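Novice: Can you keep this structure in mind? I'll have questions shortly.
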Amino acid sequence: MNSGGQHGAGISPAQSIRDLIAREAIRLDRPLLDRQIQPASLDLRLGTCAYRVRASFLPGPGQSVRQRLADVLMHEFSLEDGAVLETGCVYLVPLLESLRLPADVMAATNPKSSTGRLDVFTRVIADGVRGFDTVPAGYEGTLWAEISPRTFPVLVRTGSRLSQIRFRSGEAGLDLAEMTALQAVERLVDTDQPDLRNGISVTVDLSGPDQGRVGYRAKRHTAVIDVDRVGGYDVEDFWEPVTAKNRQLVLDPGEFYILASREAVHVPPAYAAEMVPFDPLVGEFRVHYAGFFDPGFGHHAAGGRGSRAVLEVRSHEVPFILEHGQTVGRLVYERLSEVPDALYGQGLGSNYQAQGLKLSKHFRSV
């Protein structure tokens, strides 16, 4: 398998995204920002106004989000000078990017890593769709962000980037034989015999390598976090360290945890990966709201040797005992249509290359 070659179908790299913008398949209400284009994705920006709604919804076939908005609208407010989004509330925000996709190009979205690590539940909605975070091939219209902060109230403004979008042509997924060959050549995770069925298995590290600390649990009733402020907050004001006894951790229902994978993860230059957010076969909890790994994550040539996957974990309904080495998710790899002209971590201001257990970029290093 040629891990550095080009493919006719797959996820669009940065240079293809720039071409889509030039052809106005991606339309920008405001000029493109520096570093808005990632190796295989585009950051999406919040627009000028927000709508507080009483419930989440999907528009369904033949209906636009704006048409359905009247049924659930509570009030509208401007984001131009910034506004606080409260925990437990649901908001809709039209994005500054809209689409006029070619007939053979579809798209998928997910929260940015920093968004997921703040426990801000974010999904993108397109007109006429039956599912969140999916945009059908040939779609023309507005994109909307649904935002619901779960733990911390957040300050956002026009241009804030909470989500990212990636574009795909044709079949990009890898079958078991291709995954097996790629693991043999590239060592996608640094374990000798990983389970490669339905993606590559990822396990949790509860060994306590950092003075016994295995993660963080979010505090309640904190101050507001400005999503555009980098390195501006003290960790102890928002998080408490978590240790594991006998390499076990009891997840409390409704609490939000930041943990790390036991494995170092490697995404070769011609591929991207996504963490499957929830697998009911491994327990009643969800892992990783923001699951997209750009090409070059963990890649030695881009300074990422030893990069761990940070796990955003929330237990459902009942307490759950998590054990060291337990499978908590799966990484699904997809091929790119061609190698991107820049990798994650190569002069892009990437915040999480070579990471271990790491909180979002908003917090000062501990």
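The values are calculated or read from the model by the stated rules, or taken from the named source; none is laboratory data. None of these values were measured; they are calculated from a predicted model. Every residue, glycine as well, gets a Cβ built from its backbone with ideal geometry; the counts of neighbours run over all protein chains shown. Accessible surface is based on the protein model in full, side chains and every heavy atom, while ligands, DNA and RNA are left aside. Shrake-Rupley method; radii C 1.70, N 1.55, O 1.52, S 1.80 Å.
Novice: Could you tell me which residue of the stretch 203-233 is nearest to Gly82 (Cα to Cα), considering only residues that are polar (S, T, N, Q) and modelled with pLDDT of 90 or more?
Specialist: Thr222
Novice: A further question follows. Filter the stretch 263-290 down to residues that are touching a Lys or Arg at 6+ places or on another chain (Cβ under 8 Å), at pLDDT 85 or above and assigned to a loop (DSSP other than H, G, I, E, B), then give me how many there are.
Specialist: The qualifying residues number 2.
Novice: For the stretch 310-337, enumerate the residues that are of a type in the set (D, E, K, R), at pLDDT 80 or above and open to solvent by 50 Å² or more (accessible area, probe 1.4 Å).
Specialist: Glu323
Novice: Scanning the stretch 291-305 for residues that are touching a His at 6+ places or on another chain (Cβ under 9 Å) and farther than 18 Å from Asn110 by Cβ, which turns out modelled with the highest pLDDT?
Specialist: Gly298
Novice: May I ask you to say which residue of Asp226, Asp195 is touching a Leu at 6+ places or on another chain (Cβ under 6 Å), of a type in the set (D, E, K, R) and in contact (Cβ under 8 Å) with a residue 40 or more places away in the chain?
Specialist: It is Asp226.
Novice: Go through the residues of the stretch 2-19 one by one and say whether even a single one is at pLDDT below 95, touching a Gly at 6+ places or on another chain (Cβ under 8 Å) and open to solvent by 80 Å² or more (accessible area, probe 1.4 Å).
Specialist: yes
Novice: Those residues that are in contact with a Ser or Thr (Cβ under 6 Å, 6 or more places away or on another chain) and open to solvent by less than 10 Å² (accessible area, probe 1.4 Å), I need them from the stretch 20-58; list them, please.
Specialist: Residues satisfying the conditions are Leu44, Leu46.
Novice: Conditions first: (1) at pLDDT below 95; (2) on the phi > 0 side of the Ramachandran plot. Glu24 passes all but one, so which condition is the exception?
Specialist: Every condition holds for Glu24 apart from (1).
Novice: Any residue in the stretch 166-180 that is under 28 Å from Ile21 (Cα atoms) sitting within a Cβ distance under 6 Å of a residue that is open to solvent by 50 Å² or more (accessible area, probe 1.4 Å) and assigned to a strand (DSSP E or B)? List the pairs, counting only those 6 or more apart or interchain.
Specialist: Going by the 6 Å Cβ cut-off, the qualifying pairs are Arg168/Met106.
Novice: Is there a residue being part of a strand (DSSP E or B), closer than 25 Å to Leu46 by Cα, open to solvent by less than 20 Å² (accessible area, probe 1.4 Å) and in contact (Cβ under 8 Å) with a residue 60 or more places away in the chain anywhere in the stretch 229-252?
Specialist: Looking through the stretch 229-252, none of the residues is part of a strand (DSSP E or B), closer than 25 Å to Leu46 by Cα, open to solvent by less than 20 Å² (accessible area, probe 1.4 Å) and in contact (Cβ under 8 Å) with a residue 60 or more places away in the chain.
Novice: Name the residues in the stretch 59-83 that are in contact (Cβ under 8 Å) with a residue 24 or more places away in the chain, at negative phi and open to solvent by less than 60 Å² (accessible area, probe 1.4 Å), would you?
Specialist: Across the stretch 59-83, the qualifying residues are Pro59, Ser64, Val65, Phe77, Leu79, Ala83.
Novice: While we're on this one: Could you please let me know if Tyr271 is open to solvent by less than 30 Å² (accessible area, probe 1.4 Å) and either without any contact (Cβ under 8 Å) to a residue 60 or more places away in the chain or under 17 Å from Thr151 (Cβ atoms) (or both)?
Specialist: no
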